[in-house]
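The values are calculated or read from the model by the stated rules, or taken from the named source; none is laboratory data. It should be emphasised that the depicted structure is a prediction, and the values quoted were computed from it without experimental measurement. Note that each Cβ is placed from the backbone with ideal geometry, even for glycine, and that neighbours are counted across all protein chains shown. Areas reflect the complete protein model, heavy atoms only, side chains present, ligands, DNA and RNA absent. Shrake-Rupley method; radii C 1.70, N 1.55, O 1.52, S 1.80 Å.
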Amino acid sequence: MPDAATLQPTDDHSPFHVACIMDGNGRWAQMRGRPRLVGHHIGARRVRDIVKACPDAGVTHLTIFAFSTENWKRTQVEVAGLMRLFRRYITHEAKALLEAGVRVRFIGDRIRLDDRLVRLMDDLEMLTAVNSKLNLTIAINYGGRDEVTRAAQRLAVEIERGRLTHKDVDAECLARFLDTRFLPDPDLVIRTSGEARISNFLLWQSAYAEYEFIDTLWPDFHADEFCKIVKGYSTRARRFGGVTA
Ligand code: FPP
């Protein structure tokens, strides 16, 4: 495991946002002749390990893609199992997250989620609102296009009500209507399982993010590999469309 002191990507104070597309749970289970849900359960353990590793790795914001707007197309058994797993994760991890200084927030459209899950999500957000050591954002029923569409609808309502005019609408204004309005843009997006796609994740926010596509399946993605990638990121120059000095 790399020495935590060597892992600061920029300086101790700047936000450092890592987003993860947690892919490969199903394949991991199927390769072992187990039901896909077993892969999701082991995947939840990796979430726990990586959350723990973030503060020492200099990561201030971690955003994870837990369920997309497209994932409803999976079998009813898998969808129901994932929703149960999210409820279980929130119930079992709440105390540890609170004590570890983690602030948890959720993004995505809650309208289609079961009331029990939404209540747990609201409660965890409230319970951990005092924390600031790590900002953990969990995307459930999230899709980048859906998020931008909902933002545009809310913006249109403000214009209809006369609280904004079309001249007020610029990128900064639109970003204030996104689910992620409380977050800095991601610096680094990691996708596991060998697929080099972004699958509708943080489309607007990742305009200048660095991407890291790795072959490891999410259930095999341990904190040491996560820390190694974070450290590698710190050596890359980011130009935001300009030129380096
Ligand atoms: C994609 O892998 C993964 C998901 C759709 C679910 C991600 C959920 C977890 C890691 C569970 C834990 C999350 C929390 C917040 C407790 P896949 O099933 O599409 O994998 P495949 O491409 O191999 O089929």
- Once a ≥ b ≥ c are taken as the square roots of the eigenvalues of the Cα gyration tensor of segment 97-144, is the result rounded (a/c under 1.5), prolate (a/b larger than b/c) or oblate (a/b not larger than b/c)? oblate
- Query: Of all accessible surface on segment 68-157 at a 1.4 Å probe, what whole percent is carbon and sulfur?
  - Reply: 54
- Pick out which of D170, D187, D224 has the largest mean-square fluctuation in a Gaussian network model of the chain, springs linking Cα atoms closer than 10 Å. D170
- Item | Kirkwood Rh, Cα atoms: Rg over Rh of segment 156-219 | 1.16
- Message: Can you give the Rg/Rh ratio of segment 11-72, where Rg is from the C-alpha atoms and Rh is the Kirkwood radius?
- Response: 1.08
- Divide by every residue of the chain the summed helix terms, -39500 (n - 2.57) for each DSSP H run of at least 4, and state the resulting mean residue ellipticity at 222 nm, rounded to the nearest 500 deg cm²/dmol. -12500 deg cm²/dmol
- Item | Stokes-Einstein D in µm²/s, Kirkwood radius over Cα pairs - the chain at 25 °C with 0.890 mPa s viscosity | 129
- Note on the structure: To the nearest Å², the heavy-atom accessible area per residue of the chain with 1.4 Å probe amounts to 52
- Message: Just to be sure I understand the model, the point goes 7 Å from the Cα along the line to the Cβ. What's the resulting R32 to V130 distance in nm?
- Response: 3.8
- Query: Under a no-solvent Debye model with one identical scatterer per Cα of segment 48-190, what's log10 I(q)/I(0) at q = 0.17, 0.19, 0.21 Å⁻¹?
  - Reply: -1.04, -1.20, -1.34
- Message: Can you list which of the DSSP-assigned H helices in the chain have a Cα extent of 30 Å or more along the long axis and an average Kyte-Doolittle score of at least -0.5?
- Response: 76-99
- Message: Report the Rg/Rh value for segment 109-245, based on alpha-carbon coordinates and the Kirkwood definition of Rh.
- Response: 1.01
